[in-house]
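The values are calculated or read from the model by the stated rules, or taken from the named source; none is laboratory data. The model shown is predicted, which means the values in this text are computed figures rather than measured ones. Cβ sites come from the backbone with ideal geometry, for glycine too, and all protein chains shown count toward neighbours. Please note that ligands, DNA and RNA were not included when accessible areas were found on the heavy atoms of the full protein model with its side chains. Shrake-Rupley method; radii C 1.70, N 1.55, O 1.52, S 1.80 Å.
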Amino acid sequence: QTLGSVKSDAQGKFRIDKPADGSQLVQAIFDGVTYTKMVPPGSPGTGVQVDVFDSTKDPGTAKISQHIVCLQPAAGQLTVNEVYFLKNDTKKTFDNPSDGTLRFYVPGHTAQGESVRVSISGPGGMPPIQRPAGTTKSPGVYKVLYAVKPGETEFNISYTYPAGTEFASKNVEKSPETRLVVPRGVTLEGDGVSALGQDPSGKASLYSITGQEYSVKISGGTEAAPAGDGQGGSAEEDTGAPQ
């Protein structure tokens, strides 16, 4: 529910005389970009500050620091989850409404564009938001329209792929390294693909690839979970610690 809106003065000061109970969101629009700040219950009603930044279309402002591709074989299909971490170490917001701030490739014979799901977590601890995957003139290449603010922004992209023994894709944006993750029991082979071993939990295997394009052969299957204790419980006790 919108309580009110106002234009700030030349120094950025503003005033909205409409008190409300519970949590509040203060949204400031500056240079075409929306900035949001959560105001918890009981917080002072004065001195609320929202940091804003000048905008730029320079693609060098935000760079991919990590790219992780998770492949999950299942009955009749392969679920693909890609995670891009974009690092913006400048004092400007990267915003490119025409070309998008992140472009990625989806194999041509996968599901249609509307089934490509994009979730974004920006800096500042705000809840993830959904954004559509926009098409481009290049076949299989999609773009995301989202302003990348200073700090780290996480893009989560998921789609399904027909079941098969191979998966081929490519990086549209320059990435320092792409890592592939598969469940325990599944193995990958391909040119430029190097096994890195298992993750600390032992539930997944990690691989590294070199080059912008890659193709991997998928073999094996997901291993069964550890057997129970015979009393309906799990062999691994859930202590509540991070997994």
- Message: Probe radius 1.4 Å, ligands and nucleic acids ignored: give me the carbon and sulfur share of the accessible area of the chain as a rounded percent.
- Response: 49 percent
- Evaluate the distance, in nm, between pseudo-label points positioned 7 Å from the Cα of SER115 and of LYS174 along their respective Cα→Cβ axes. 3.5 nm
- Note on the structure: Quick P(r) readout (the range 1-72; Cα-Cα; 5 Å bins; whole %) gives 3, 11, 19, 19, 12, 10, 9, 9, 5, 2, 0
- Query: Compactness ratio of the range 16-124: Cα Rg over 2.2 N^0.38 Å, N = residue count?
  - Reply: 1.45
- Task: Roll a 1.4 Å probe over the protein chains and send me the accessible area per residue for the chain in Å².
- Result: 62 Å²
- Query: Roughly what percent of Cα-Cα pairs across the range 69-167 reach past 23 Å?
  - Reply: 29 percent
